[in-house]
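Values in this text are rule-based calculations from the coordinates and carry no lab data. Owing to the predicted nature of the structure, the values given are computational and were not obtained by experimental measurement.
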Amino acid sequence: MADTVSVGKTNVSTSADSLRSVADVDADLVERVKAGEMAAFDELTAKYRDRLFGVVYNMLSNKEDAMDIVQESFIKAFTSIKSFRGNSAFYTWLYRIAVNRSITFLKRSRMRRFFSFENMEEELGSSEIVDKLVERQGNGRRAALVSELRDKLNEAVQSLSVNHRTVVVLYEIDGMSHAEIAEITKTSEATVRTRLHYAKQQLRAILKDYVS
Amino acid sequence: MKDDKKIEIEDLLKLKRLERPAESEWREFDARLKQRMLMRVQKKDPVWRRASDFALSKKILTSGALASSVFAAVALIFVVSGTGGENLVSDDFAAVRPKLSNRAELPSVGETFVASEIPIPVNKDETHMEITMSVSEASVSQFASSNIPLFVHSSF
């Protein structure tokens with residue numbers, strides 16, 4: 001699973017060599033940031049903001065809140081950069097900040113509302129999965145199906161507990177490995193696998209109309 | 001054929017990768033992030049702190065040296081002008097009129113002040129200090145640790 005991860009708009013192979021090179025590049029950028037070079041931090045921001053947003057948005061299911069949390073995470077990383085010792089990869093550290101902030105935000109906000117993307121319907125509309133679903137339904141109501149699917153997906157993911165949602169988002173949506181998720185969430189790989197298994201069972205039950 | 005049409009839960013979840021902001025939203029994000037970072041950096045390092053850090057780091061002035069310099073400068077102004085150094089001291093300590101005690105013979109260093117022993121209810125075992133100091137050497141900080149009240153008046 002997770003043969004590639006996207007870094008910005010580029011898919012990067014997650015083979016051991018590639019991961020080392022990504023970590024090395026990030027380490028160089030971090031050193032430059034520590035030396036006071038703002039442009040290096042701009043590079044890190046541009047590199048990870050898209051992925052980080054994806055994770056936070058799918059945990060919160062609210063675009064505005066997600067934007068806010070992602071910004072706060074980058075600010076936190078910037079102001080704490082001197083304390084980053086390089087024991088883990090920079091992106092692991094950054095993800096941990098973002099995930100923790102998201103979890104704190106979720107615990108504090110009781111009233112939440114979904115706030116998704118209008119453009120997602122356009123993207124969904126051209127998806128092969130939607131093609132299959134439309135074919136299975138047989139009624140040709142593509143637009144209605146897309147809208148329904150988007151809402152149902154959000155609802156399903158949000159119905160998971162914070163811990164289960166985190167592993168599902170990081171693994172299935174962001175494409176991280178079990179080991180990386182374990183490092184981010186400060187748990188073991190076994191815990192990650194267990195949570196993932198249970199979360200998928202729950203999701204299958206909610207989305208049974210869409211799953212074969 | 002059947003497998004081609006099979007949809008897994010993982011396939012549905014991958015659809016959520018399509019939810020991404022437009023480029024215009026990222027531009028707004030970048031601008032806002034920069035603004036917030038600048039505000040955070042400024043908040044963390046106020047001007048007064050930077051100024052004091054600079055002064056202390058350069059060892060330009062310690063607080064004691066600063067206090068003594070100010071005190072000496074003020075005292076010198078009054079002595080030179082001759083318009084009330086004595087009154088200032090005597091007014092301040094009007095409630096207490098200590099007796100002049102015998103001063104030790106010291107080299108003349110301009111004007112001198114004599115600190116007299118004031119009878120206060122203390123244990124007899126305590127040692128009282130009689131201190132003679134010159135105007136130019138007056139320093140409040142030197143007596144900061146003393147438990148004995150120091151009353152200073154001029155003698156010309």
- What residues have an amide H closer than 5 Å to that of A:Asn62, excluding those fewer than 5 places away on the same chain, when H is modeled at 1.01 Å from N in the peptide plane? A:Phe115
- Task: List the extent of the Cα atoms of the stretch A:18-64 along each of their three principal axes, largest first, rounded to whole Å.
- Result: 36, 26, 12
- Task: Give me the number: length gained by fully extending A:Asp209 to A:Ser159, i.e. 0.36 nm times residue separation minus the C-alpha to C-alpha distance, one decimal in nm.
- Result: 16.3 nm
- Message: Multiplying the sequence separation of A:Arg136 and A:Ala39 by 0.36 nm and subtracting their Cα-Cα distance, what value in nm do you get?
- Response: 29.8 nm
- Task: Compute the convex hull volume of the Cα atoms of the stretch A:156-212, divide it by the residue count, and report the result per residue in Å³ as a whole number.
- Result: 75 Å³
- Query: If you plug each phi of the stretch A:144-152 into the Karplus form 6.51 cos²θ - 1.76 cosθ + 1.60 with θ = phi - 60°, what whole-Hz ³J(HN,Hα) values come out, in order, with x for Gly and Pro?
  - Reply: 5, 5, 4, 4, 5, 5, 4, 5, 5
- Along the stretch A:93-108, Karplus-curve 3J(HN,Hα) (6.51, -1.76, 1.60; θ = phi - 60°) to the nearest Hz, with x for Gly and Pro, reads 4, 5, 4, 4, 4, 5, 5, 4, 5, 5, 5, 4, 4, 5, 5, 7
